[in-house]
Structures are given as structure tokens and as C-alpha cells.
């Protein structure tokens, strides 16, 4: 669980770095399963050539350690402490990056009403400000600060990914969430962030949850998002998602997430926003 100071930092700044959550044996399993999933993805799309990023799911039967991370107390407990016990597990993905990442935020929708906690951690090498650590604009998970920031062209969706926007990436004031091996950064998906530097084929993993909707606006967004995950034949990680969704180990916690997804995808009004009595979520003001 997070300390009082860590909770305060997350509320105020939108992120916190968690130190030494993996030991050496964990890191070995992470690396081994990462290699398995990376090879699986290369078999599907072609060899990694250092020019295009590779993103692949870690929720299938060939990556059991990664697949369980959503239920691991090291991840679930801090996330639920911040966003409530009814958060919904979303996915575990790994990445092989080829370059800088533009300034952006991961609201999960065209607005601020689809959001949640997300972890990212390095697999093979530590990350610093100059070698691919997440660069955060502290407090930008909150409005009107986020809206004000993203009206400025270097941070706006329409121009941050342009050539001139990428050239300006390193000129934005930021805090670097540097991580050693074994560390992870936990952040609100709404925070404005980027990465800079690092070798081609920078390997990291992300573990992501969604906040359960508490308002009509949040419910509307989740109603539009949920069908894309539940029994969607076009879902990019359909095989791994269905394996995870089958709940082979009969996890009660995982089943609660499956039930939430199915409810939101079919008849979300049944749970009811008005009757939701969970704790107030960070950044929902």
C-alpha cells in the first residue's frame, strides 16, 4: 500500500515512483516471458527492424507471470487505494520502442471521462531522463490545467506529433520519473507525458486499469469503450484477451472485473451511477 505522502504526491502531481517492487527472480521471469511474447509477435507481424515500435499483449497462457500482475497486490492495492476497489483491469502490454514519444495523455477517450491508474517499468535496463524515462508535467492530470496546457501547440494533439513538435519535445519543463530495474512509475492516465532518448529497442511493460464510472459522462464513455474489449472479434490481442477472460484459475478478483466489463458492455445502467458508494476518485473534481 502507498504511504500517506505517496498518496498526497499522486493527488497533487499525478504520479509516484515505486521502488524495488520486483526482486531478481521476478526480473528473470519478466525477461524470459518478454522474450517469448516478443518472438510470438514477430511471428505474427515480422521481425523487429528498429524502425517501427512493437506492442504485444502479455495476458495469454504463454506469459503467466505477466498475466497475473493485474491481480498482484503490488499493483492492485496501490491502484485501488487511489481509485477505489471497483477499478477494472484493462491490460498488460509490453513494448519495443524505436524513438522518442511525443507529448500526450492516455485518457482512453476523446475527453477526460475515460481514465485510470497505469504502471510502467523497464525490463532490461534502467531508464533516465535522457534514456527513455517517462517525462511528466506535474499536475497535468487535472483540469483546467490539462486543457490549458494542451491548447499550446507543442502539447496539442494536432501538432505535438508533427516534425516541429518532436523537435520541441525536449524544451518542455518536466519531471523525469527515472526507474532502476525493479522500480515502476504509477501515474494517472490523464497526465501529460512523453519520453526522450534511449537506445532503439527500449523494452518496457505497462499494467493498466480503468476507473469505474461515477458520473453520467464517465458512464457514457465506458459504455462506448466496453464493447471494444468484450467478445470483439477485431480486438488486436483477441487471443490473449480471451485467455485472460476465461479466468482459468478461477480468480474471484478477476471474475469481478469480467463481470464489470460484461455489465458495462451490455446493460451498464444496472449497476447505477446514483447508487455507487465507492470513495471519491482522484482527479474527478
Report, by residue number, each residue of region 1-56 that is surrounded by fewer than 16 Cβ atoms within 10 Å (Cβ to Cβ) and touching a helix residue (DSSP H, G or I) at 6+ places or on another chain (Cβ under 6 Å).
1, 29
Any chance you could count how many residues in region 44-80 are within 18 Å of the chain's Cα centre (by Cα) and in a helix (DSSP H, G or I)?
11
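Residues that are over 22 Å from residue 73 (Cβ atoms): list the strands (runs of 3 or more DSSP E) wholly contained in region 175-276 that include at least 2 such residues.
On the way: elements: 175-177, 184-188, 193-195, 202-210.
Strands (runs of 3 or more DSSP E) meeting the threshold: 175-177, 193-195, 202-210.
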Could you figure out which of (1) modelled with pLDDT under 95; (2) within 21 Å of residue 116 (Cα to Cα); (3) crowded, with 16+ Cβ neighbours inside 10 Å isn't true of residue 277?
(3)
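Which of the residues that make up region 155-171 are within 16 Å of residue 136 (Cβ to Cβ) and in a helix (DSSP H, G or I)?
169, 170, 171, listed by residue number.
Let's see how each residue does on (1) in contact (Cβ under 8 Å) with a residue 12 or more places away in the chain; (2) within 29 Å of residue 228 (Cα to Cα):
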position: 98; (1), (2): yes, yes
position: 116; (1), (2): yes, yes
position: 124; (1), (2): yes, no
position: 131; (1), (2): yes, no
position: 140; (1), (2): yes, yes
position: 144; (1), (2): no, no
position: 147; (1), (2): no, yes
position: 158; (1), (2): no, yes
Is there a residue in region 120-137 that is in contact with a strand residue (DSSP E or B) (Cβ under 8 Å, 6 or more places away or on another chain) and over 21 Å from residue 198 (Cβ atoms)?
no
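The values are calculated or read from the model by the stated rules, or taken from the named source; none is laboratory data. Model, not experiment: these values are computed from the prediction. Backbone-built Cβ (ideal geometry, glycine too); neighbour counts: all protein chains shown.
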